Amino acid sequence: MKTIANFIDGRSVAGHGEKFENRYPATDEVVSVISGASREDVDAAVNAARAALQGPWGKMSVAERVVILRKLADGIQARFDEFLDAEIRDTGKPVSIASHIDIPRGAANFNIFADQIATTGTEAFEMSTPDGAGALNYVVRAPRGVIGVICPWNLPLLLMTWKVAPALACGNTVVVKPSEETPSTATLLGEVMNAVGIPNGVYNVVHGFGAGSTGEFLSNHPGVDALTFTGETTTGEAIMTAAARGVRPVSLELGGKNPAIVFDDADMEQTLEGLGRSCFANTGQVCLGTERLYVQRSVFDEVVERLGQKAKEYRFGDPFSASTTMGPLISAKHRSKVLSYYNQAREDGATVIAGGDVPAVADHDNGYWIEPTVWTGLTEDSSVIREEIFGPCTHVTPFDSEEEVLAMANDSPYGLATSVWTTNLSRAHRVSRQIDVGICWVNSWFLRDLRTPFGGSKRSGIGREGGIHSLEFYTEQRNVCVKL
Ligand code: NAD
Ligand code: 6OD
C-alpha cells in the first residue's frame, strides 16, 4: 500500500492531521493512505514558503528561473510513466486521455510560462515637467509572496501546474492543497522539484479535505499573500470570504453549465466529433464540457440521433488499456450525485436517447461507472438543465432563431464556456460575442492557446489566468517615477 505524505520545506513530512484512504475509481480498491496536514503542518508549510522568499530563490534572476522552469518540464517528461500511473490510479481516467492531455500539459505549463516570463516587458512612460527636465516612469513586477493554490480532482496535474508554473515564473513560493481525491501527482512533483534543485520551501504540498480541514487552514492562513482556486462555485465563495480577511488577491476558476449551439449550416462530421468530446470526454468531468446543447430545428433529429449513437460507442474497461475510451467517475459519492440527476431527468419526463444508467463492466464490478447519456424533452427550468452535473450527459433542445437561442444560452447563473457550430462566418462572429462566457470556441472545443485569458463570467469565476494575465495575478506592479 502506497503512503502519501506532505511535502514541506523540500522534505516528505508525515502529517499530524486526519489519515485517509484513496480509492482507485475503476475498482474501488484502496490504493494509498494519506497523512493529512494539521493546522500546525500548514503553518510549517507557509513558514517554509515565506522563508524561501528570503533565500536564494528570492535573489534569482528571471533568466535563472527560466532555466529551472524548463528543467521542471523536462523532469516531468523524464518521469512521464510514473506521473501517468499516479494520475490514472487516482482518477481512473483512460490512459489515452492521461497520456495525451494531463501529463503533457503538466510539463507544457512550465515551458509556456518560462517563455512568457522571458519575453514580457513592462510599461514605461515619458512625461513632461514644468521645469522642462521631464521624468521617466517605469513599472517593475514584484512577486506577490506566498501563494495558496487549492485544486480540484478532474485534471489534477494539469490544473495544479497551470497555477504553480506562473507563480514560480514570477518568483513567488507556493503552498499547494491538491484535492483529497487526487493527492499523488502534486506529491510526485515535489521529488522533481528537488531533483532540479529548486530551493527548499519554494514548493510545498499539504494534503487533506476542505471545510474544517487543510483547505480551510490554508485559505485562512494570514501568512498566505494571495489565493488561487479551481473548483466548485460554492467553495469559491468560501475561498473569497477567506481572502477578504487581509484584503488578499484571489483568482477563482469555478463551475459551469456550458451551452453549445449547432446551426443548420454546420459541418456535421466536424460538429459531431467535437460534441462527442465536449459532452463525454473525461467522463464529462471537464468544467468546459457541454451539458446544454441547442440545435437548430431542421437538423435537430439528425444531431440527436448521431450524438446518441456516439454515446453508445464508448468502451468501458481497464483504464490502462488503450482500447478503453471511457473511465469511471471520480468517486462513489460523485456517482450518486450524477445518478440523482439521471433520476430527476426521468421524473421530469425526459426522453432518454442514450444511456441513463450504470453499465456492467467486466472485471471492474465495483468501479464508479456511469453511462454517457443524452436527453431531450425537458423544459428549460428543469434542474437537469440549470445545475452543473459534472457527468457525461447533455440535454438537447431545439431552437428556431438566433435571438431565441441566445436568450436560452445566456439564461444561466454560470458563464464559463460555449461552442458555436456553423459555416457562416458572419453568424459565428455575431453570435459568439453575444454569449456571456469567458471562452467561446467556434467549430472546435478545448482548443487551447495558453497565452489567451482563461476564466469565467458570472458565477463561473473571477479574474483571468493564462499568458500575460497570469503575470498580472502572480505579480504586483510597482511604478517608479524618475525625475530627469
Ligand atoms: P471542490 O470545490 O469540491 O474542491 C476543490 C478543492 O477545494 C479541493 O482541494 C477541496 O478539498 C478544496 N475545498 C473544499 N472546500 C473548501 C473550503 N471550504 N476551504 C478551502 N478549500 C476547500 O471542487 P471539486 O469537486 O474538486 O471539482 C469539481 C468542480 O471544479 C466543478 O464544479 C468544476 O466545474 C470545477 N472546475 C472548474 C474549472 C475552471 O477552470 N473553471 C476547472 C476544473 C474544475
Ligand atoms: O486548459 C486549461 O488551462 C484549463 N484551465 C482547463 C480547465 C478545465 C476544466 O476542467
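Per-structure values
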| item | result |
| --- | --- |
| Which listed residue, of Val139, Val146, is more than 16 Å from ligand 2 (Cβ to nearest atom), at pLDDT 95 or above and open to solvent by 10 Å² or more (accessible area, probe 1.4 Å) | Val139 |
| Condition broken by Ala345, with the remaining ones in (1) more than 25 Å from the chain's Cα centre (by Cα); (2) within 16 Å of ligand 1 (Cβ to nearest atom); (3) of a type in the set (A, V, I, L, M) satisfied | (2) |
| Unique match (being crowded, with 16+ Cβ neighbours inside 10 Å, more than 16 Å from ligand 2 (Cβ to nearest atom) and either at pLDDT below 95 or in a strand (DSSP E or B) (or both)) among Trp375, Trp441 | Trp375 |
| Unique residue being over 20 Å from Ile330 (Cα atoms), surrounded by fewer than 16 Cβ atoms within 10 Å (Cβ to Cβ) and touching a His at 6+ places or on another chain (Cβ under 8 Å) when the list is Glu64, Glu40 | Glu40 |
| The range 378-401 residues that are more than 12 Å from Ser340 (Cα to Cα), paired with ones that are of a type in the set (Asp, Glu) and open to solvent by less than 20 Å² (accessible area, probe 1.4 Å) (beta carbon under 6 Å, 6 or more apart) | Thr394/Glu291 |
| Any hit, the range 159-173, residues being within 23 Å of Pro453 (Cα to Cα), touching a Ser or Thr at 6+ places or on another chain (Cβ under 9 Å), within 15 Å of ligand 1 (Cβ to nearest atom) and open to solvent by 10 Å² or more (accessible area, probe 1.4 Å) | yes |
| Matching option when the condition is touching a helix residue (DSSP H, G or I) at 6+ places or on another chain (Cβ under 6 Å), among the aliphatic types (A, V, I, L, M) and either farther than 20 Å from Glu305 by Cβ or open to solvent by 20 Å² or more (accessible area, probe 1.4 Å) (or both), among Val358, Val420, Val396 | Val420 |
| Qualifying residues in the range 285-303 (those that are open to solvent by 10 Å² or more (accessible area, probe 1.4 Å) and either more than 16 Å from ligand 1 (Cβ to nearest atom) or part of a helix (DSSP H, G or I) (or both)) - the one farthest from Val374 (Cα to Cα) | Ser298 |
| Any hit, the range 113-131, residues being crowded, with 23+ Cβ neighbours inside 10 Å, within 16 Å of ligand 2 (Cβ to nearest atom) and closer than 30 Å to Gly327 by Cα | no |
| Scan of the range 109-138 for residues that are over 20 Å from Glu465 (Cβ atoms) and among the hydrophobic types (A, V, I, L, M, F, W, C), ordered by number | Ala124, Phe125, Met127, Ala133, Ala135, Leu136 |
| Which numbered condition Val250 misses (of (1) closer than 28 Å to Ile147 by Cβ; (2) open to solvent by 40 Å² or more (accessible area, probe 1.4 Å)) | (2) |
| Conditions (1) under 20 Å from Thr233 (Cβ atoms); (2) surrounded by 15 or more Cβ atoms within 10 Å (Cβ to Cβ); (3) away from ligand 1 (no atom under 16 Å from the Cβ): number failed by Asp411 | (2) |
| Residue identified as within 22 Å of Met326 (Cβ to Cβ), in a helix (DSSP H, G or I) and open to solvent by less than 30 Å² (accessible area, probe 1.4 Å) among Ile103, Ile76 | Ile103 |
| Number of positions in the range 385-407 that are out of contact with any strand residue (DSSP E or B) (no Cβ under 6 Å at 6 or more places or on another chain), in a helix (DSSP H, G or I) and not acidic (Asp, Glu) | 3 |
| Matching option when the condition is in contact with an Asp or Glu (Cβ under 7 Å, 6 or more places away or on another chain) and either surrounded by fewer than 20 Cβ atoms within 10 Å (Cβ to Cβ) or at pLDDT below 95 (or both), among Ser331, Ser336 | Ser331 |
| Spans of helices (runs of 4 or more DSSP H) in the range 180-274 with at least 3 residues under 18 Å from the mean Cα position of the chain (by Cα) | 184-195, 233-244 |
| Matching residues, the range 304-322, being open to solvent by 20 Å² or more (accessible area, probe 1.4 Å) and under 15 Å from Gly391 (Cβ atoms) | Tyr314, Phe316 |
| Flag if Ala322 is assigned to a helix (DSSP H, G or I) and under 27 Å from the mean Cα position of the chain (by Cα) | no |
| Exclusive hit being touching a Gly at 6+ places or on another chain (Cβ under 6 Å), under 29 Å from Thr271 (Cβ atoms) and open to solvent by 30 Å² or more (accessible area, probe 1.4 Å), set Arg433, Arg464, Arg459, Arg448 | Arg464 |
| Test for His207: is it open to solvent by 10 Å² or more (accessible area, probe 1.4 Å) and either over 21 Å from Val33 (Cα atoms) or within 16 Å of ligand 1 (Cβ to nearest atom) (or both) | no |
| Scope the range 119-138; condition in a loop (DSSP other than H, G, I, E, B) and within 21 Å of Val62 (Cβ to Cβ); matching residues | Thr120, Gly121, Thr122, Glu123 |
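The values are calculated or read from the model by the stated rules, or taken from the named source; none is laboratory data. Values in this document were obtained by computation on a predicted structure and should not be read as measured data. Cβ coordinates were reconstructed from backbone atoms using ideal geometry, including for glycine residues, and neighbour counts include every protein chain displayed. Calculation scope for accessible area: heavy atoms of the full protein, side chains included, ligands and nucleic acids excluded. Shrake-Rupley method; radii C 1.70, N 1.55, O 1.52, S 1.80 Å.
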